[in-house]
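J.: I'd like to ask some things about the structure below.
The values are calculated or read from the model by the stated rules, or taken from the named source; none is laboratory data. In this text, all values refer to a predicted model and were calculated from it rather than measured experimentally. All Cβ positions, even for glycine, are placed from backbone atoms using ideal geometry, and neighbour counts span all protein chains on display. Accessible surface areas use protein heavy atoms only, side chains included; no ligands, DNA or RNA. Shrake-Rupley method; radii C 1.70, N 1.55, O 1.52, S 1.80 Å.
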Amino acid sequence: MYIEYVERFANLVVRMKKRGITFSTLRVVNGVTNATFTILYALFFSRTFYAVIVGLFFSHIITSILAIYFEKELWFCSCCIY
């Protein structure tokens, strides 16, 4: 649940900085990783609704990591620490 909030905030930061290509790339990566992890989980583990949940979870993690990487100066800036 918390990873979804991190992913939304990270995408919001990218969008508010007017980086349209990066935001669109993150949306595509989110969709592709969601489909990939859902299919892989369904093929190798279980063909249940859990496959959709696992795919969504891992796609949020991958998208969050990429969005944080693209805006690393905001996330890891030493001047932002109080």
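J.: Quickly run through the stretch 7-23 and pick out the residues that are open to solvent by 100 Å² or more (accessible area, probe 1.4 Å), in a helix (DSSP H, G or I) and either farther than 16 Å from Phe76 by Cα or in contact with a strand residue (DSSP E or B) (Cβ under 6 Å, 6 or more places away or on another chain) (or both).
T.: Arg8, Arg15, Met16, Ile21
J.: OK, next. If Phe37 passes every condition in (1) among the hydrophobic types (A, V, I, L, M, F, W, C); (2) open to solvent by less than 60 Å² (accessible area, probe 1.4 Å); (3) within 17 Å of Ser64 (Cα to Cα) but one, which one does it miss?
T.: (2)
J.: So which residues in the stretch 40-61 are open to solvent by 60 Å² or more (accessible area, probe 1.4 Å) and within 20 Å of Phe9 (Cβ to Cβ)?
T.: Leu56, Phe57, Phe58 - these are the residues of the stretch 40-61 that are open to solvent by 60 Å² or more (accessible area, probe 1.4 Å) and within 20 Å of Phe9 (Cβ to Cβ).
J.: Of the residues in the stretch 24-34, how many are open to solvent by less than 60 Å² (accessible area, probe 1.4 Å) and of a type outside the set (S, T, N, Q)?
T.: Qualifying residue count, the stretch 24-34: 3.
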